[in-house]
Amino acid sequence: MINKIVLMVSIALASVISILGALLYLYNLISVEILLDLIVFSIAIALIPSGIIDYIYIRRIREIENRIPDFLQDVAEASRFGMTLADAIISTSKGKYGILTNDIKKMAGQLEWGVPVSIALEDFLERTRTPLTERVVGTIIKANEAGGNVSDVLSKVAQYAREVQQLTKEKYSQLGTYNVVLLISFGVFLVTILILNVQFFPEMIKSAGSITGNVASNSIASINVSIIPYVKLIFAAAVLISAVGDGIMAGVLKDGRYESGFIMAAALAISGYIFLLLLGGV
């Protein structure tokens, strides 16, 4: 929810800056170079804040889900010695589980004060809500209410959580190949612009300067040379559009969420624009 609000505010601020820059350019108050600077700055404002918040959020989720299997397995082992689920959780809370340690201790404190296991687990879920914990905690609550051998259920749930983590890692590894392809395609696009600036445009200017003869030929050459700045401006726009598109697509391929690609999109846009500035392409 917070990330959506930040994204909306960032986009609104970026839109204001871009529109203001366009108006100043139309009234010849700023140059096209400054207009492009403002557009790149707007892209950074629109994407980076939300991207950072999303990165922190996803990192927290992954840390929680990486610790869940160890916690469940330790609770299962403790319950095998005849402990109730509540006692097993209290005993296990003395261990170290990274980002989950404080939340587990809070849950154990609730159980020590006589809070029912189901309520303590639901409160734990509210504090550490992730897709995996929702499935795991819901299963544990139902198994505890049904009675029977809870330790076996916990062991199977811990095994399931580990398998989910393994499958997720394999998926990220496979999809990483597609992200490399996107980066390579963006690099090829920049190399193409480099070749045009280093070889094609200088030859066009050289040919225009060496043309002699009729007025028509000189006129055509003049027209050809005059369009070079506009072509370079088109290249700049294409680089920014390609950078943002490739970055967001990388996020979608990574985990199905476009927010995951915001930082990469901003990084590609800024690096591509710096490349054009160093090249003298804008």
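Laboratory data are not the source of any read-out in this text; all were calculated from the coordinates shown. Keep in mind it's a predicted model, so treat the numbers as computed, not measured. With ideal geometry, Cβ positions are generated from the backbone for all residues, glycine too; neighbour counts draw on all protein chains shown.
So, counting K/R as plus one and D/E as minus one, what does the shell of residues with Cβ under 12 Å around residue 67 add up to? Computed value for this residue: -1. Note: relative contact order over segment 1-145, using C-alpha pairs below 8 Å and six or more positions apart, is 18 percent.
Here the Karplus relation 6.51 cos²θ - 1.76 cosθ + 1.60, evaluated at θ = phi - 60°, turns the backbone of segment 73-80 into coupling constants of 5, 5, 5, 4, 5, 5, 6, 5 Hz, with x for every Gly and Pro. 3J(HN,Hα) along segment 182-193: 5, 5, 5, 4, 5, x, 4, 4, 5, 5, 4, 5 Hz, from the Karplus curve 6.51 cos²θ - 1.76 cosθ + 1.60 with θ = phi - 60°, whole Hz, x for Gly and Pro.
Assuming a ≥ b ≥ c are the square roots of the Cα gyration tensor eigenvalues, decide whether segment 63-167 counts as rounded (a/c under 1.5), prolate (otherwise, with a/b larger than b/c) or oblate. It comes out rounded by the Cα gyration axes. For the chain, the Kirkwood hydrodynamic radius comes to 23.4 Å, computed from all pairs of different C-alpha atoms. Taken along the Cα-to-beta-carbon direction at a fixed 7 Å, the label points for residue 231 and residue 252 span 3.2 nm.
Most tightly packed first, judged by the mean number of other beta-carbon atoms within 10 Å of their residues, the peptides 110-116, 134-140 read 134-140, 110-116. Summing Lys and Arg as +1 and Asp and Glu as -1 over all other residues whose Cβ lies under 14 Å from the Cβ of residue 250 gives a net charge of -2.
Comparing 175, 26, 36 in a Gaussian network model of the chain (Cα springs below 10 Å), the most mobile by mean-square fluctuation is 26.
For the chain, relative contact order (Cα pairs under 8 Å, six or more residues apart, normalised by length) works out to 19 percent. Along segment 28-37 the Karplus relation, 6.51 cos²θ - 1.76 cosθ + 1.60 evaluated at θ = phi - 60°, assigns HN-Hα couplings of 6, 8, 9, 8, 5, 4, 5, 4, 5, 4 Hz to successive residues, with x for each Gly and Pro.
What does the net charge come to around residue 106 if you take all other residues with beta carbon closer than 12 Å to its beta carbon, with K and R at +1 and D and E at -1? If you can, show how the numbers build up before the last one.
Values: positive: 105, 127; negative: 103, 112, 123, 126.
It works out to a net charge of -2.
Taking the alpha-carbon centroid of each part, what is the distance from segment 124-161 to segment 71-94 in angstrom? About 13 Å separates the Cα centre of segment 124-161 from the one of segment 71-94.
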